[in-house]
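Colleague: The structure under discussion is supplied below as structure tokens; questions concerning it will follow.
Nothing in this text is a laboratory measurement; each read-out follows from the coordinates by a stated rule. On a predicted model such as this, the values are computed, not experimentally measured, just so you know. Here the Cβ is made from the backbone with ideal geometry for all residues, glycine too, and neighbour counts use every protein chain on show.
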């Protein structure tokens, strides 16, 4: 079972010919309203990849709440831990250009009221995996990490959006998933000063936290137990990259939860992330298990490339 504590949003997606610069207005012909939020996206991605998933977070008492929860419910994600609170359901305003690149503004809303004590003790029974992101209050993440570690659960933190993680928290995290910018920010917060994302990942892994860095079209690299594993990306033409990172994380979590080894888990994640770029929208783009397994075969197996810094 994967327990996801995180954000639930509604995304307003606007296709535009190009993304605006500061102070500029760019017109789009239309927009779509779809469910989103990193927590909900990753919960749905893990569920579609075959895992049993429970979602914990917060939505408002408004019309957007039902939209935010619809796809999770349809997929069979347990939403008993999602609270209704006196704040608007979170929303994201997303512009997507003709090359599939995006620009995102998030209004946190109800996500700021998500609390770790919504997670019942009976939901923290091993075996299991706790999956976290950074769109809910940090203190609540850290409180839940401590409970999960004490209960014997595995833990995975996707540091998105990039924010500092206290050095005292890193030992509670079994898996850290970051992009290159996030890797540098986390390493700096832990006292490792470097301008190279791979070196940052090596340093974090050397301190005991297995670290996986996503590299966009270049794939991903994982640093764990003194070794570095690298995998390429699925060859695709991107339509919308909005949900790619969440698809990657959710599929990786599902693979770990099912007992797969790291190289196979990386292949699942890379295939899912690539597939998500071929469909517009975050949750509509999250691939099913069968598609992930089929396209994972199109990616060269993860390879051991070096030993990490001791």
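Colleague: Would you report the distance distribution of C-alpha pairs in segment 161-310 as whole percents per 10 angstrom bin, up to the bin with the largest distance?
Modeller: Over segment 161-310, the share of Cα pairs per 10 Å bin runs 13, 43, 33, 11, 0 percent.
Colleague: On a full-extension model of 0.36 nm per residue, what is the gain between residue 117 and residue 62, subtracting their alpha-carbon distance, rounded to one decimal in nm? Walk me through the numbers on the way to the answer.
Modeller: Details: separation 55, 0.36 × 55 = 19.80 nm, distance 2.31 nm.
Contour length minus Cα-Cα distance gives 17.5 nm.
Colleague: Suppose the chain between residue 195 and residue 86 were pulled fully straight at 0.36 nm per residue; how much longer would it get relative to their current alpha carbon spacing?
Modeller: Numbers: separation 109, 0.36 × 109 = 39.24 nm, distance 4.25 nm.
Full extension of this stretch gives 35.0 nm more.
Colleague: With a/c under 1.5 counting as rounded, go ahead and sort segment 59-158 into rounded, prolate or oblate using the C-alpha gyration tensor (a ≥ b ≥ c being the square roots of the eigenvalues; past the cut-off, prolate if a/b is larger than b/c, else oblate). Walk me through the numbers before you get to the answer.
Modeller: Numbers: a/c = 1.84, a/b = 1.54, b/c = 1.19.
Prolate shape, in that a/c is at least 1.5 and a/b is the bigger ratio.
Colleague: Taking the Cα atoms of segment 1-135, what is the range of coordinates along each of the three principal axes, in descending order and whole Å?
Modeller: 51, 33, 24
Colleague: Under 10 Å, Cα contacts only: if you run a Gaussian network model on the chain, which one of 128, 23, 259 comes out with the highest mean-square fluctuation?
Modeller: Highest fluctuation of the listed residues: 23.
Colleague: Would you please classify the overall shape of segment 2-307 from the alpha carbon gyration tensor, given that a ≥ b ≥ c denote the square roots of the eigenvalues, rounded means a/c under 1.5, and beyond that prolate means a/b larger than b/c while oblate covers the rest? Display every interim value, and only then the final one.
Modeller: Working: a/c = 1.38, a/b = 1.11, b/c = 1.24.
Because its axes are fairly even, with a/c under 1.5, segment 2-307 counts as rounded.
Colleague: Right, another one. Which of 168, 108, 189 ends up with the largest GNM mean-square fluctuation for the chain, with Cα atoms connected below 10 Å?
Modeller: 168
Colleague: May I ask for the distance between the Cα centers of segment 238-310 and segment 84-143, given as a whole number of Å?
Modeller: Value for the Cα centre distance between the two parts: 21 Å.
Colleague: Could I ask something else about it? With label points built 7 Å along Cα→Cβ from the Cα atoms of residue 1 and residue 105, find their separation and express it in nm.
Modeller: 4.0 nm
Colleague: Using the number of other C-beta atoms within 10 angstrom as an exposure proxy, rank 123, 268, 175 with the fewest first.
Modeller: Values: 123 20, 268 27, 175 23.
In increasing order of surrounding Cβ atoms, one gets 123, 175, 268.
Colleague: Separate question: For segment 94-148, compute the orientation-averaged projected area of the C-alpha convex hull (one quarter of its surface), in nm². Walk me through the numbers before you get to the answer.
Modeller: Numbers: hull surface 21.4 nm².
Projected over every direction and averaged, the Cα hull of segment 94-148 covers 5.4 nm².
Colleague: Does segment 52-108 come out rounded, prolate or oblate by the C-alpha gyration tensor, with a ≥ b ≥ c the root eigenvalues, rounded set by a/c under 1.5 and, if not, prolate when a/b is larger than b/c and oblate if not? Don't skip to the end; give the middle numbers.
Modeller: Values: a/c = 2.67, a/b = 1.51, b/c = 1.76.
Taking the square roots of the gyration eigenvalues as a ≥ b ≥ c, segment 52-108 is oblate.
Colleague: On to the next question. For the chain, set up a Gaussian network in which alpha carbons nearer than 10 Å are linked by springs, and say which option among 253, 222, 65 fluctuates the most.
Modeller: Among 253, 222, 65, the largest mean-square fluctuation in the Gaussian network model of the chain belongs to 65.
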